[in-house]
1. Does the stretch 127-175 hold any residues that are outside any loop (DSSP other than H, G, I, E, B) and closer than 27 Å to residue 95 by Cα, and which are they?
2. Return only the number of the condition from (1) aromatic (Phe, Trp, Tyr); (2) within 23 Å of residue 44 (Cβ to Cβ); (3) assigned to a loop (DSSP other than H, G, I, E, B) that residue 115 does not satisfy.
3. Just to verify a result, which residue in the stretch 56-109, among those that are hydroxyl-bearing (Ser, Thr, Tyr) and either closer than 27 Å to residue 137 by Cα or free of Cβ contacts under 8 Å to residues at least 40 places away in the same chain (or both), is surrounded by the most Cβ atoms within 10 Å (Cβ to Cβ)?
4. So is residue 68 modelled with pLDDT of 90 or more and of a type in the set (A, V, I, L, M) or not?
5. Out of curiosity, is residue 154 surrounded by 10 or more Cβ atoms within 10 Å (Cβ to Cβ) and either over 30 Å from residue 73 (Cα atoms) or touching a Cys at 6+ places or on another chain (Cβ under 6 Å) (or both)?
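The values are calculated or read from the model by the stated rules, or taken from the named source; none is laboratory data. What you see is a predicted model, and the numbers here were worked out from it, not measured in a lab. Don't worry about glycine lacking a Cβ; one is built from the backbone with ideal geometry, like all the others, and counts go over all protein chains shown.
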Amino acid sequence: MALRQRYRSFQSIHSLSDKETYLSIVTFWSTYVVEIQTMLQISNKVIIPSSEIEMSAIRAQGAGGQNVNKVATAIHLRFDIGASSLPDVYKERLLKLADQRITQEGVVVIKAQEYRNQEQNREEALKRLQDLIKSAVILAKKRKPSIPTRSSQRKRLDSKSKRGQIKSMRGKVVE
C-alpha cells in the first residue's frame, strides 16, 4: 500500500534524483507484479515459483499455413518433480501416477499448441500442470463392499432353480 502511495506521489517530477527514484519504484513494482502472475498456485499453502518451471517456445505441428512454419507459438513446459519445492506428499503421489506426461526421471513434460498465440498456449500449459498436480493429491474414496439382502439372495436362488428345471425339461423323453 505504501508503495502505491509513493508511486502516485511521483507523478510530478522535478529533479533528476526524483526521476531515478521514480524509475526504480516503477521497475520494482512491474517486476513484483510479473513475479506474482507467473507463480503457479496449487492450493492455499502450496505455490510453485516460476523459477522451477522451465518453458520454451517451439514451432507448433499441424496445419496452419505460413504462420505455423515461421512463428514459435507452441509451448514446451518441463517441471522436475524431485527438484521442486512441493511437499513430499505431492511428490510421492505425482511419481506414483501412471501418466505418460511424467518421464522415468520424474520430469513432467507438457506441450501446449492448441492456440495460435504464445501467451494463450503458455496459460494452457500452466493450467494443465496445475490440474495434473491437483488430480494427484485428491484421495479416491475407499469402496465399501455391499452385502446383498436376504430377499435378493432368495430371489437369485429361486431364479437359478427355475432355470435349472427348464433346462432339465429339454432332455430326452423316457416312456
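1. Of the residues in the stretch 127-175, the ones outside any loop (DSSP other than H, G, I, E, B) are 127-137, 150-168.
Passing the criteria: 127, 128, 129, 130, 131, 132, 133, 134, 135, 136, 137.
2. (2)
3. For the stretch 56-109, the residue satisfying everything is 90.
4. It is false that residue 68 is modelled with pLDDT of 90 or more and of a type in the set (A, V, I, L, M).
5. Yes; evaluated as a whole, the condition is true for this residue.
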